[in-house]
Ligand code: MLT
């Protein structure tokens with residue numbers, strides 16, 4: 001008789017954004033006359049930039065002719081894209097990352113969920129609280145966590161690093177030593193960031209205790225302030241302790257097109273074993289590469305026109321962020337984030353729980369956001385709004401919130 005992976009049975013409920021999606025679908029079915037504005041999941045709304053569309057069309061045409069047709073992509077990604085990433089995202093920022101340390105994939109969500117596979121189940125993870133749920137859930141699936149305590153909303157055998165208003169939503173070094181540390185800056189969900197010195201402290205700590213940092217830099221394009229690192233490899237010593245995850249979803253609108261990459265420096269080792277070799281083995285065995293067409297589109301992100309157009313797109317969303325921040329402040333909400341990140345983190349009013357506020361917002365304003373408690377216990381009493389809507393819907397959502 002076959003048996004299932006019963007680690008899956010430990011997971012409470014469904015994935016956060018699936019739960020929200022279901023609630024919203026039910027609400028819409030019961031109230032078909034209401035127009036609901038979603039500022040919930042961080043999904044982009046602006047069309048792909050012209051330079052990217054042009055590259056897509058060109059690549060589609062190449063696929064139509066025998067001489068230029070492409071079959072399986074190289075496991076680790078086409079060199080034209082890896083070279084563009086190595087130059088633009090690393091060399092130009094003074095970071096030492098070679099093209100063959102970059103693994104192209106179909107997105108950072110998959111990579112952030114899959115990367116734990118190359119580590120022993122005995123490793124202990126440390127996560128920020130609140131946190132992007134994928135990091136924790138995938139470790140639960142792998143059997144790396146203990147049991148779930150529904151009262152506290154925490155797992156045994158996981159180190160939680162609370163990110164609260166008191167510490168500026170920046171984690172402090174944990175008391176217990178972890179093996180794997182997940183960090184995401186600019187942060188999802190709080191929209192907070194840390195300075196280069198703060199990140200250097202994490203790199204020094206990881207090197208000292210022999211931990212690895214999985215650094216999710218998916219929102220790097222939204223950094224507007226000086227002294228906020230765009231990559232962990234800006235820190236001295238990161239090559240021996242850090243893996244970096246990057247996405248094309250948020251900076252270039254690829255949420256539906258799917259493209260991302262993971263960087264594993266060859267200096268990152270456990271004893272004599274390079275993590276790079278393990279991830280290469282996994283990639284080669286389980287993955288056939290992101291489509292040629294999409295990788296060509298990714299290359300266009302780094303063209304002069306692409307860069308210009310995408311700066312405009314990021315600016316568009318950040319104008320939404322500013323509109324939300326200013327509007328909510330005027331209404332008396334306590335808000336943060338939204339300066340170096342497309343997320344605004346607000347304190348729920350009148351002591352409401354995160355889910356109570358979700359219901360009020362949905363029913364009274366027909367606006368969808370994300371309850372902070374869905375990201376972890378320290379998110380209780382908070383709520384996340386995304387700047388990825390259209391400008392018009394963002395303004396309309398604020399008007400509706402004002403009237404609650
Ligand atoms: C979010 O809303 O947190 C993100 O869009 C989820 C994701 O990128 O997978």
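Can you list residue pairs whose Cβ atoms sit under 8 Å apart, with the first residue in region 242-256 being without any contact (Cβ under 8 Å) to a residue 60 or more places away in the chain and over 16 Å from residue 290 (Cβ atoms) and the second being away from the ligand (no atom under 12 Å from the Cβ) and part of a helix (DSSP H, G or I)? Count only pairs 6 or more apart in sequence or on different chains.
So the pair list comes out as 242/203; 242/206; 242/232; 242/233; 244/232; 244/233.
Checking the structure you have, find out if any residue of region 223-243 is crowded, with 22+ Cβ neighbours inside 10 Å and within 16 Å of the ligand (Cβ to nearest atom).
No.
Within region 215-222, does at least one residue satisfy the condition of being more than 16 Å from the ligand (Cβ to nearest atom) and either more than 22 Å from residue 387 (Cα to Cα) or surrounded by fewer than 22 Cβ atoms within 10 Å (Cβ to Cβ) (or both)?
No, because not a single residue in region 215-222 is more than 16 Å from the ligand (Cβ to nearest atom) and either more than 22 Å from residue 387 (Cα to Cα) or surrounded by fewer than 22 Cβ atoms within 10 Å (Cβ to Cβ) (or both).
On the basis of being part of a loop (DSSP other than H, G, I, E, B), out of contact with any strand residue (DSSP E or B) (no Cβ under 7 Å at 6 or more places or on another chain) and either closer than 17 Å to residue 375 by Cβ or touching a residue at least 12 places away in the same chain (Cβ under 8 Å) (or both), does residue 168 make the cut?
It is true that residue 168 is part of a loop (DSSP other than H, G, I, E, B), out of contact with any strand residue (DSSP E or B) (no Cβ under 7 Å at 6 or more places or on another chain) and either closer than 17 Å to residue 375 by Cβ or touching a residue at least 12 places away in the same chain (Cβ under 8 Å) (or both).
Exactly one condition in (1) out of contact with any helix residue (DSSP H, G or I) (no Cβ under 8 Å at 6 or more places or on another chain); (2) modelled with pLDDT of 95 or more is not met by residue 98; state its number.
(1)
Does region 333-347 include one or more residues that are out of contact with any strand residue (DSSP E or B) (no Cβ under 7 Å at 6 or more places or on another chain) and without any contact (Cβ under 8 Å) to a residue 24 or more places away in the chain?
no
Just one of (1) outside any strand (DSSP E or B); (2) within 16 Å of the ligand (Cβ to nearest atom); (3) farther than 16 Å from residue 244 by Cα trips up residue 114, so point out which.
The failed condition is (3).
Please work out if residue 342 is closer than 21 Å to residue 251 by Cα and out of contact with any helix residue (DSSP H, G or I) (no Cβ under 8 Å at 6 or more places or on another chain).
No.
Scanning for something within 16 Å of the ligand (Cβ to nearest atom), in contact (Cβ under 8 Å) with a residue 60 or more places away in the chain and farther than 24 Å from residue 12 by Cα, does region 146-164 turn up at least one residue?
Checked against the condition, which is being within 16 Å of the ligand (Cβ to nearest atom), in contact (Cβ under 8 Å) with a residue 60 or more places away in the chain and farther than 24 Å from residue 12 by Cα, region 146-164 yields no hits at all.
What number of residues within region 120-140 are away from the ligand (no atom under 16 Å from the Cβ), assigned to a loop (DSSP other than H, G, I, E, B) and out of contact with any strand residue (DSSP E or B) (no Cβ under 6 Å at 6 or more places or on another chain)?
Summing the residues that are away from the ligand (no atom under 16 Å from the Cβ), assigned to a loop (DSSP other than H, G, I, E, B) and out of contact with any strand residue (DSSP E or B) (no Cβ under 6 Å at 6 or more places or on another chain) in region 120-140 gives 4.
Just to be sure before I move on: is residue 73 in contact with a strand residue (DSSP E or B) (Cβ under 9 Å, 6 or more places away or on another chain), on the phi < 0 side of the Ramachandran plot and touching a residue at least 12 places away in the same chain (Cβ under 8 Å) in the structure I sent?
yes
Out of region 77-96, which residues are part of a loop (DSSP other than H, G, I, E, B) and crowded, with 22+ Cβ neighbours inside 10 Å?
Result: 77, single match.
When you scan region 293-404 for strands (runs of 3 or more DSSP E) that lie fully inside it, which ones turn up with 2 or more residues that are within 16 Å of the ligand (Cβ to nearest atom)?
Answer list for region 293-404: 343-347, 382-386.
The values are calculated or read from the model by the stated rules, or taken from the named source; none is laboratory data. What you are looking at is a predicted structure, and each value in this text was computed from that prediction instead of being measured. Cβ: placed from backbone, ideal geometry, glycine included. Neighbour counts: every protein chain shown.
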